[in-house]
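Notes to accompany the following structure.
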Amino acid sequence: MNGWNSMPEPGPMRGRGCGPLSPMPRVSMRLDLPAPLTVAVASGLAMLPFVAYPAIDEAVAGLFFDGKGWMGGPASEMLRFALWRFSALVLFVALVLWLVALFRKRPACNGSARAWGLIVLTYALGPGLMADTLLKRFWGRARPADVADFGGASHFTPPWLPTDQCLSNCSFVSGEVSGATATAIALIVILGLWRDRLSPLAYRAIAAFALALPLVSALQRMSSGRHFLSDAIFAALFTLLIASLLRVVLFGRKNPVT
């Protein structure tokens, strides 16, 4: 069964440690990402409220604005950089293990080259290409802090409308939320690889942490006046769509995979 809620129950802990030279046998793993069509339909449905009631974005943004400034402060920025550095660390580890598995032609840390490649490509095509290179550069949506209703000089525009209210590094979509979603997906993949080597408590704790990452990132960006609610929602959905497409391309539709 597909979906975030269909993650397998962890088995008993077996073995210790992880390293590129660890003598781990090639094992199957569950890779429970939603089907691409499911994510595409969810994205379309998620857009409908913003089409019918564009003011939702401004109303939610207003919850974080007191007329003088935004709720986000130094602690919020520290959280932002902590999330960014953690995402960068996960990407770096996945990249190293991907290269090790490719050159050795056998699994590294219990994961095949395709498994680690799925993580790396999700980062590259999600926050790297989709968010930062394409949408944020060309969609032209002004950030909340730059909109007239919140003390700026730009016009508010809905998420579904390309516009000219921002020239670069714009609001739609959130690069940080896209990166946090890619990190959550990476952790879900790693849980699939290591489900038999983690205690039930550790398994559930990591799963909960993974699922919380996009939400925490979204709240941080919205409270700082840097993104609207829709910027966060579609950053997460579009990144998940990319990962689900990569899963089909790299592994097909079978589950478990090897």
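Listing 176, 77 from fewest to most neighbouring C-beta atoms within 10 Å gives 77, 176. For the chain, a Gaussian network of Cα nodes joined below 10 Å ranks 105, 68, 136 by mean-square fluctuation, and the top entry is 68. In percent, rounded to a whole number, the relative contact order of the chain is 32, using alpha-carbon pairs under 8 Å and six or more apart. Its DSSP H runs of at least 4 residues, each contributing -39,500 (n - 2.57), put the calculated 222 nm mean residue ellipticity of the chain at -18000 deg cm²/dmol, to the nearest 500. Listed from fewest to most Cβ neighbours within 10 Å, the set 57, 132, 146 follows the order 132, 146, 57. The ranking of 53, 203 from fewest to most other beta carbons within 10 Å of each one's beta carbon is 53, 203. For the range 66-138, just say rounded, prolate or oblate: build the C-alpha gyration tensor, square-root its eigenvalues into a ≥ b ≥ c, call rounded for a/c under 1.5, and beyond that prolate if a/b exceeds b/c, oblate if not. Verdict is oblate for the range 66-138.
The GNM of the chain, with springs linking C-alpha atoms under 10 angstrom apart, assigns the highest mean-square fluctuation among 218, 94, 202 to 202. Divide the volume of the convex hull around the Cα atoms of the range 69-201 by the residue count and you get 135 Å³ per residue.
Excluding residues fewer than 8 places away in the same chain, name every one of the lysines whose C-alpha is closer than 26 Å to that of residue 254. Excluding near neighbours in sequence, the set is 105. Shape analysis of the range 126-245 based on the Cα gyration tensor places the equivalent ellipsoid semi-axes at 32, 15, 8 Å, largest first.
Among 127, 200, 107, which one shows the biggest mean-square fluctuation in a GNM of the chain, springs joining Cα atoms closer than 10 Å? Comparing 127, 200, 107 in a Gaussian network model of the chain, the most mobile one is 200.
Of the DSSP H helices in the chain, those with a Cα length along their own long axis of 30 Å or more and a mean Kyte-Doolittle hydropathy reaching 0.5 comprise 74-104, 200-223, 229-251.
Charging the Cβ of each Asp and Glu at -1 and of each Lys and Arg at +1, and nothing else, the dipole of the chain about its Cα centre rounds to 1440 debye.
Temperature 37 °C, viscosity 0.692 mPa s: under these conditions the Stokes-Einstein estimate for the chain, based on its Kirkwood radius over C-alpha pairs, is 171 µm² per second. Along the axis of the charge dipole computed for the chain (Cβ charges of +1 for Lys and Arg, -1 for Asp and Glu, origin at the Cα centre), the listed residues 83, 171, 111 are led at the positive end by 111.
Taken together, the values in this text are just the output of simple stated rules run on the coordinates, not laboratory data. Everything numeric here is computed off the predicted structure, so don't read it as measured data. As a convention, Cβ positions derive from the backbone with ideal geometry for all residues, glycine included, and neighbour counts pool all protein chains shown.
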